[in-house]
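Just so it is clear, none of the values below were taken in a lab; they were calculated from the coordinates. Because the structure is predicted, anything quoted here is derived from the model rather than measured. Reconstructed Cβ throughout: ideal geometry from the backbone, glycine too, with neighbour counts over all protein chains shown.
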């Protein structure tokens, strides 16, 4: 079973929920797909056993062969190639790495060069297998790093994927292929507004989902009204407690110090099993 | 003209709350909400939309079943795994590159433009605002952010305004890069948690990479004073100004529930006072 944890709004507690759920179950692999700001390892302190570098390809032009025909720049839908008066100028940060320019060049003047865009790290902690990605600062290529992280999914285990916030490419890439998605929200207008966006994404993707309400005793009741109207299951509520916040600030998953929560997370997982029939 | 960005790395540290408070304090700045995936600033500033534009940020491959000879070449050549085994295009994975259109021997594939969001120009009590909405699940948010910033600059020039305040998305990926490149200064809003510190360092790394002057603010600093001290020392060692330490106060959530900025809802609160002090420091540093 593959379960992803996403949110729309940032800072609602995705990582907290993902890690505490992972620690409450057996035979789990957790993958941190928030490669821009990975945090799962901070709560787990894993021993890193292996690292892998992630590359992306961008074009480079052999000027001796280029006859300035302009076909590459015409083809590129991302404006990553620009026809200068004397040579083709490349903007690697706009390149998506589709390889189309190489195919259209009649002179065979374009080659692809590999660039380092991130790392994937492998480790173990507290009986969990952890895989996480780390995007190189300044590189706009989160998606290929997420793809590399997900290549290491171990289907013999319960797999938990921690997503980045938002509702665009990195989130889609993370959730794609999941059996279920947990949306973590908070009962505030921002939480609700961004939850509605995330719900639309999941409906488009046709992935089953349910809600965890974090800091459930703060804010208002509108998230609950919305879930009832839309018939969205609420899987768990976690209250705002100073102790939980303080533990998080020190990098301690709260179910380790408050073991009664492990049972609640197991119940949450049982609900997911019921909802997915797995 | 100065462009001032509020960012965070980690989500939910209080970017939008602080941006909205700055909007009130600045009285007449141009505001830009660059969190186009999950924009929230409008809920505090209640903009009146004056102009709406469609955003055609990307294209989508369409296969003509009648022409398709089921050779699978498109499936093999697509680097985004956007063509399924039954030879249909997955719109969520398709990045609109067009490789399939040139490799198809039957010329059965074309690219069509798709509307993937909307760009708005609005008026608020505190100045004009540029914002947008990316349709859920669409790609190319970086391009949409660039459009929002262009609109903000256009508004600033038209209104002879010399300050743009930008609310950023979380993370350090493409929409954040599009939000900070070329900006004059950036405030990283962090919290005194291990994740907050980790993400702060990466966000500061991003500002350094793009040569944007950094400031730091620790929100909810009293949740863990030891970690706050670590942030202060780290910033001092790196020559970065910590311009504010905002206490935890449920009044922030209350103001959000009332859909008001903290400066309007609780102007005398410790939070509002600290934000005001911070704004004065930032203005003097920006030489405005």
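Data overview
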{"item": "Candidates A:133, A:99, A:84, ranked by Gaussian network fluctuation over chain A, Cα under 10 Å, top entry", "result": "A:84"}
{"item": "Stretch gain in nm, segment residue A:26-residue A:156, where the contour uses 0.36 nm per residue and the Cα spacing is subtracted", "result": "45.6 nm"}
{"item": "Tilt relative to chain A, helix A:189-205 - C-alpha long axis, 0 to 90 degrees, to 10", "result": "60"}
{"item": "Normalised contact order of segment A:121-272, rounded percent, pairs of Cα under 8 Å and 6 or more residues apart", "result": "15"}
{"item": "Average partner coverage of A:96-107, which counts Cβ from other chains inside 10 Å", "result": "4"}
{"item": "Theoretical FRET efficiency, 1/(1+(r/R0)^6), r = Cβ-Cβ of residue A:63 and residue A:260, R0 60 Å, to 0.05", "result": "0.30"}
{"item": "Equivalent ellipsoid semi-axes, segment B:1-118, via Cα gyration tensor eigenvalues times 5, rooted, Å", "result": "44, 15, 11"}
{"item": "Distance (nanometres) between label positions extended 7 Å along Cα→Cβ at residue B:2 and residue A:49", "result": "5.3"}
{"item": "With eigenvalues of the C-alpha gyration tensor scaled by 5 and rooted, chain B, Å", "result": "41, 22, 16"}
{"item": "Gyration tensor (alpha-carbon) shape descriptor, the protein assembly as shown, a/c threshold 1.5", "result": "oblate"}
{"item": "Cα-only radius of gyration and Dmax that characterise segment B:58-114, units Å", "result": "9.8, 27"}
{"item": "For chain B: relative contact order, % (alpha-carbon pairs under 8 angstrom, 6 or more apart)", "result": "26"}
{"item": "Difference of contour (0.36 nm per residue) and Cα-Cα distance, residue B:285 to residue B:210", "result": "25.1 nm"}
{"item": "Exposure proxy ranking, count of Cβ atoms within 10 Å, fewest first, for B:111, B:206, A:42", "result": "B:111, A:42, B:206"}
{"item": "Label point 7 Å beyond Cα of residue B:50 along Cβ direction - residues of segment B:128-148 with amide nitrogen under 17 Å", "result": "B:128-132, B:148"}
{"item": "Residue A:246 versus residue A:74: modelled label distance in nm, points set 7 Å from Cα along the beta carbon direction", "result": "6.9"}
{"item": "Segment B:169-288 - Kirkwood radius from inverse mean 1/r over Cα pairs (Å)", "result": "15.2"}
{"item": "Zone of residue B:62's modelled label, taken as backbone nitrogen in segment B:87-112 under 14 Å from a point 7 Å along Cα→Cβ", "result": "B:89, B:91, B:108-112"}
{"item": "Chain A, relative contact order [Cα under 8 Å, separation at least 6], %", "result": "28"}
{"item": "Segment B:2-53 - convex hull of the alpha-carbon atoms, volume per residue in Å³", "result": "107"}
{"item": "Cα pair count fraction exceeding 37 Å, expressed as % - chain A", "result": "24"}
{"item": "Theoretical FRET efficiency, 1/(1+(r/R0)^6), r = Cβ-Cβ of residue B:237 and residue A:237, R0 51 Å, to 0.05", "result": "0.80"}
{"item": "Prolate/oblate/rounded label for segment A:121-278 (Cα gyration tensor, a/c 1.5)", "result": "rounded"}
{"item": "Anisotropy class of segment B:57-210 from Cα gyration tensor, a/c 1.5 cut", "result": "prolate"}
{"item": "Taking B:43, B:129 and counting other C-beta atoms within 10 Å, the order from fewest to most", "result": "B:43, B:129"}
{"item": "Rg/Rg_ref, segment A:14-71, where Rg_ref = 2.2 N^0.38 Å and atoms are Cα", "result": "2.05"}
{"item": "Sequence of B:251, A:201 once ranked by neighbouring C-beta atoms within 10 Å, starting from the fewest", "result": "B:251, A:201"}
{"item": "Over segment A:56-116, equivalent-ellipsoid semi-axes from the Cα gyration tensor in Å", "result": "16, 12, 11"}
